[in-house]
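Heads up: the structure comes next, in structure tokens.
The values are calculated or read from the model by the stated rules, or taken from the named source; none is laboratory data. For clarity, every value in this text was computed on a predicted model and none was experimentally measured. Backbone-built Cβ (ideal geometry, glycine too); neighbour counts: all protein chains shown.
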């Protein structure tokens with residue numbers, strides 16, 4: 001995987017950018033308006049890793065955000081839910097769909113941890 005491809009895939013997440021020293025930094029997060037990772041960011045990583053976008057997986061996992069907002073991660077973001085969502089949304093490819101759902105959880109957890117670190121700094 002090329003370094004540039006990874007940065008391009010992460011770009012919609014709005015949390016990574018290349019600084020002048022070519023290091024990944026968290027400088028691009030706005031401390032006044034912190035948003036959740038976009039579905040496009042999840043889809044770009046899917047395409048980069050598996051060559052296919054598992055949009056239905058991400059739509060199912062983030063459906064509760066309509067009602068719960070950022071705290072939607074308390075629902076449908078666990079291994080059992082990942083398995084059920086993968087089987088329900090992609091019955092012909094449940095393994096990769098499960099991996100995409102797990103990657104979705106990891107990105108969301110990293111996002112939450114970054115937000116907490118930023119709040120501690122300011």
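Pairs are defined by a Cβ separation below 8 Å, a sequence spacing of at least 6 or placement on different chains, a first member in region 57-69 that is free of Cβ contacts under 8 Å to residues at least 24 places away in the same chain and at negative phi, and a second member that is surrounded by fewer than 16 Cβ atoms within 10 Å (Cβ to Cβ) and part of a helix (DSSP H, G or I); the pairs so defined are 68/74. Just checking, does region 68-79 include any residue being in a helix (DSSP H, G or I), at pLDDT below 95 and surrounded by 15 or more Cβ atoms within 10 Å (Cβ to Cβ)? Looking through region 68-79, at least one residue is in a helix (DSSP H, G or I), at pLDDT below 95 and surrounded by 15 or more Cβ atoms within 10 Å (Cβ to Cβ).
Residues checked against (1) over 15 Å from residue 106 (Cα atoms); (2) at pLDDT below 50; (3) within 11 Å of the chain's Cα centre (by Cα):
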residue	(1), (2), (3)
1	yes, yes, no
5	yes, no, no
28	yes, yes, no
57	no, no, no
82	no, no, no
86	yes, no, no
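Counting the residues of region 84-111 that are closer than 20 Å to residue 39 by Cβ and surrounded by fewer than 13 Cβ atoms within 10 Å (Cβ to Cβ) gives 2.
In region 45-55, of all residues being touching a residue at least 12 places away in the same chain (Cβ under 8 Å) and more than 16 Å from residue 105 (Cα to Cα), the one that is surrounded by the fewest Cβ atoms within 10 Å (Cβ to Cβ) corresponds to 47. Residues in region 89-109: is at least one touching a helix residue (DSSP H, G or I) at 6+ places or on another chain (Cβ under 6 Å), modelled with pLDDT under 90 and at negative phi? Checked against the condition, which is being touching a helix residue (DSSP H, G or I) at 6+ places or on another chain (Cβ under 6 Å), modelled with pLDDT under 90 and at negative phi, region 89-109 yields at least one hit.
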